[in-house]
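Input: a single structure, listed below in structure tokens.
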Amino acid sequence: MALMNPKDMFVAAYDGRYAIGAFNVNNMEIVQGIMEAASEEKSPVILQVSAGARKYAGQTYLMKLVEAALAEDPSVPVAVHLDHGATFELCRDCIDGGFTSVMIDGSHLPFEENIALTRQVVEYAHPRGVWVEAELGKLAGVEEHVQNADHVYTDPKEAVEFVERSGCDSLAVAIGTSHGAYKFKGEAKLDFDRLEAIGKLLPNYPLVLHGASSVPQEFVELCNKYGGNVAGAKGVPEDMLRKAAGMSVCKINVDTDIRLAVTASIRQHMVEHPEDFDPRAYLKPARAAVKAMVAHKIRNVMGSSGKA
Ligand code: G3H
Ligand code: 13P
Ligand code: ZN
């Protein structure tokens, strides 16, 4: 199977009340870990590339890695997606480079400007067969190009107007998640009433949940035990993600958990095997840690096992 536009994945996910995992990729081991998990779980998957990943690894390298992974198991349905595209030009370059999906993130802009920018990307993407995700509302925390002090939750009526006027294919909504490893100071809380209200006003329309890492405490503990300092890290409980996947959320974004899996594994290896200096010695278990974590997510959080 070639790289695909995620439309069919989302139609099936919406109807089947599960979500597609969208995992951020930055290097070969991460691509391999995710793809091996998707292959074993027989699950569709979205590999997403941020502007930072593009700068770090290079767009062509990442695309070639994805192609190589697909050659290993052509039965896995895969979409390659630009995560948090800040400008029309960046979206255009990714579309021209073979991405099957892009996110234009105008969430920091005033409503009308967000619509206009999203519309511009839609008009370039759709004739080329590319899916467009947009965002309305603001997640607290650091996004690549913008720092938000507070959440601005998505207004359900505005969401309808935004989708109608911008023509975007899926919409990222703000309901209380945030990017990174420190999502909640106290109890974790998401605004499911708001999610339900948006879903009711936009029937059969796929919503996207950003900032959806669960920050597994086993990785946090390993990082801290082996010399790290990620004290107080807290993510979205997995049962809440499952609940969202059973509603209108068809795409769940995970990056932080991959970072934690890689770092916990490497820290442990470095301390337990101080004699090792061959990068393969610690990148191999790091890749296995990504694979195990992603397989768990696909099976127990996304609910997409066996849907390939
Ligand atoms: O939403 C942000 C993603 O975690 C990407 O992070 O821009 O550091 O690659 P990055
Ligand atoms: P996390 O930081 O929770 O992994 O969120 C990732 C994300 O939303 C990428 O767009
Ligand atoms: Zn995000």
- prompt: Do we find a residue being surrounded by 14 or more Cβ atoms within 10 Å (Cβ to Cβ) and of a type in the set (V, I, T) anywhere in segment 124-135?
  reply: yes
message: Quick test of your reading of the structure: E275 fulfils all but one of (1) away from ligand 3 (no atom under 16 Å from the Cβ); (2) open to solvent by less than 10 Å² (accessible area, probe 1.4 Å). Name the failing condition by number.
response: (2)
query: Residues in segment 66-99 that are under 19 Å from N27 (Cα atoms) and in a loop (DSSP other than H, G, I, E, B): how many?
result: 4
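This table checks each residue for (1) within 21 Å of I258 (Cα to Cα); (2) open to solvent by 10 Å² or more (accessible area, probe 1.4 Å); (3) touching a helix residue (DSSP H, G or I) at 6+ places or on another chain (Cβ under 8 Å).
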{"residue": "A53", "(1), (2), (3)": "yes, no, yes"}
{"residue": "E72", "(1), (2), (3)": "no, yes, yes"}
{"residue": "H81", "(1), (2), (3)": "yes, no, no"}
{"residue": "H84", "(1), (2), (3)": "yes, yes, yes"}
{"residue": "E89", "(1), (2), (3)": "no, yes, no"}
{"residue": "G97", "(1), (2), (3)": "no, yes, yes"}
{"residue": "T100", "(1), (2), (3)": "no, yes, no"}
field: Tally, over segment 21-51, of residues that are buried (at least 24 other Cβ atoms within 10 Å of the Cβ) and of a type in the set (G, A, S)
entry: 6
message: Yes or no: segment 72-81 includes at least one residue that is closer than 23 Å to G211 by Cα and among the polar types (S, T, N, Q).
response: no
task: Might you check whether a residue that is in a strand (DSSP E or B), out of contact with any strand residue (DSSP E or B) (no Cβ under 6 Å at 6 or more places or on another chain) and either open to solvent by less than 10 Å² (accessible area, probe 1.4 Å) or within 15 Å of ligand 1 (Cβ to nearest atom) (or both) occurs anywhere in segment 157-170?
output: no
Where a residue in segment 103-132 is closer than 17 Å to A174 by Cα and its partner, wherever it lies, is within 16 Å of ligand 1 (Cβ to nearest atom) and open to solvent by 50 Å² or more (accessible area, probe 1.4 Å), with Cβ under 9 Å and at least six apart: I104/T87; D105/E144; D105/H145; S107/K138; H108/K138; H108/H145; N114/H108
message: I'm checking my understanding of the structure. Among residues of segment 200-221 that are farther than 19 Å from K183 by Cα, out of contact with any strand residue (DSSP E or B) (no Cβ under 8 Å at 6 or more places or on another chain) and without any contact (Cβ under 8 Å) to a residue 60 or more places away in the chain, which one is most open to solvent (accessible area, probe 1.4 Å)?
response: K200
Selection status of L62, within 16 Å of ligand 2 (Cβ to nearest atom), open to solvent by less than 30 Å² (accessible area, probe 1.4 Å), in a helix (DSSP H, G or I) and out of contact with any strand residue (DSSP E or B) (no Cβ under 6 Å at 6 or more places or on another chain): no
- prompt: Mind checking whether some residue in segment 298-305 is away from ligand 3 (no atom under 16 Å from the Cβ), within 23 Å of E135 (Cβ to Cβ), touching a residue at least 12 places away in the same chain (Cβ under 8 Å) and open to solvent by 30 Å² or more (accessible area, probe 1.4 Å)?
  reply: no
Any helices (runs of 4 or more DSSP H) falling wholly within segment 175-277 and containing at least 1 residues that are among the small types (G, A, S): 192-201, 238-245, 256-272
- prompt: Would segment 224-239 turn up any residue that is among the β-branched types (V, I, T), open to solvent by less than 10 Å² (accessible area, probe 1.4 Å) and away from ligand 3 (no atom under 16 Å from the Cβ)?
  reply: no
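The values are calculated or read from the model by the stated rules, or taken from the named source; none is laboratory data. Quantities reported herein were computed from a predicted structural model and do not represent experimental measurements. Positions of Cβ are generated from backbone atoms using ideal geometry, with glycine treated the same way; all protein chains shown enter the neighbour counts. The protein model used for the area step is the full one, side chains on, heavy atoms only, and it has no ligands, DNA or RNA in it. Shrake-Rupley method; radii C 1.70, N 1.55, O 1.52, S 1.80 Å.
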